[in-house]
Amino acid sequence: MFTRRLTPGSGLWLRPCQGIHTFWMFYPIDAIFLDRELRIVRLVENLRPFRLTRPHFAAHSVLELEPGTISSRCLKVGDQLEVGI
């Protein structure tokens with residue numbers, strides 16, 4: 001919040017989380033809702049500033065990423081994400 005943009009290639013992983021808002025953000029984001037196994041259960045593209053999402057009760061976490069990430073990566077509900085450490 002209170003930032004002017006996301007740093008390219010960065011994002012925020014909120015967990016636990018079932019819904020988000022963009023109050024006090026000054027740029028749009030893509031939101032990827034994930035279950036406990038990191039499967040995509042909902043996608044929200046280009047969520048504009050000062051908006052909120054409905055809670056998605058199957059979600060356990062949400063990735064907030066640069067707008068265009070969902071379409072550029074061809075993500076869809078049911079896709080499985082992997083986290084490399």
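Here is how the numbers come out for the structure above:
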{"read-out": "Cα convex hull of the chain, projected area averaged across orientations, nm²", "value": "5.3 nm²"}
{"read-out": "L52-E82 FRET efficiency (beta carbon distance; Förster radius 35 Å; 0.05 resolution)", "value": "0.75"}
{"read-out": "Stretch gain in nm, segment W13-R36, where the contour uses 0.36 nm per residue and the Cα spacing is subtracted", "value": "7.0 nm"}
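Bear in mind that the values in this text are calculations on the coordinates, not laboratory data. Everything quoted here is computed from the prediction, not taken from an experiment. Please note: Cβ atoms are built from the backbone with ideal geometry, for glycine as well, and neighbour counts cover all protein chains shown.
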